[in-house]
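What follows is one structure encoded as structure tokens, with my remarks underneath.
The values are calculated or read from the model by the stated rules, or taken from the named source; none is laboratory data. Values in this document were obtained by computation on a predicted structure and should not be read as measured data. Using ideal geometry, Cβ is built from the backbone for each residue, glycine included, and neighbour counts are taken over all protein chains shown. SASA here: full protein model, heavy atoms, side chains in, ligands and nucleic acids out. Shrake-Rupley method; radii C 1.70, N 1.55, O 1.52, S 1.80 Å.
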Amino acid sequence: MAQQGYLVRVPPDMWSVNHTPAAATQATISKAAAATLRHYCTGIAAVISAVAAQAGIQVNLRDGASGAGTILWSQTIALPVGGIAIIQISGLNIPGTLGNAMTLETSAAPASTNFASVSMTGYDEP
């Protein structure tokens with residue numbers, strides 16, 4: 001009896017980048033551009049910790065450099081005093097543009113005593 005064949009796609013080498021800055025500092029991390037590669041984001045994590053009340057702040061995944069690339073995904077967070085927001089999303093496959101950087105960042109620095117951190121995972125393909 002003949003066996004039926006299946007095509008199995010083995011994931012390429014994965015990467016991860018993260019940034020956990022001091023209080024009141026914008027969290028931003030980029031996977032640098034490579035002329036012959038396209039970045040794919042497979043996971044997003046962000047934490048905002050509010051010692052003081054936190055007005056709305058966005059977490060943005062950008063196709064490009066910090067503050068300049070097209071926004072591919074975004075979430076707005078506002079917190080009361082003592083609040084904490086945790087975003088963890090896996091199983092994504094968000095493609096960037098060939099030759100562009102990919103950036104995950106908060107839209108601004110959090111309030112004076114608050115903290116923000118971001119991390120993303122992904123892989124590259126030509």
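The table below gives the values:
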item	result
Any hit, the stretch 3-17, residues being touching a strand residue (DSSP E or B) at 6+ places or on another chain (Cβ under 7 Å), surrounded by fewer than 16 Cβ atoms within 10 Å (Cβ to Cβ) and of a type in the set (G, A, S)	yes
Residue tally, condition over 17 Å from the mean Cα position of the chain (by Cα) and either open to solvent by 50 Å² or more (accessible area, probe 1.4 Å) or small (G, A, S) (or both), over the stretch 106-124	3
Selected residue [in contact with a Phe, Trp or Tyr (Cβ under 8 Å, 6 or more places away or on another chain) and surrounded by 15 or more Cβ atoms within 10 Å (Cβ to Cβ)] from V47, V59	V47
Residues of the stretch 72-105 that turn out to be within 30 Å of T36 (Cβ to Cβ), free of Cβ contacts under 8 Å to residues at least 40 places away in the same chain and open to solvent by less than 60 Å² (accessible area, probe 1.4 Å), as a count	2
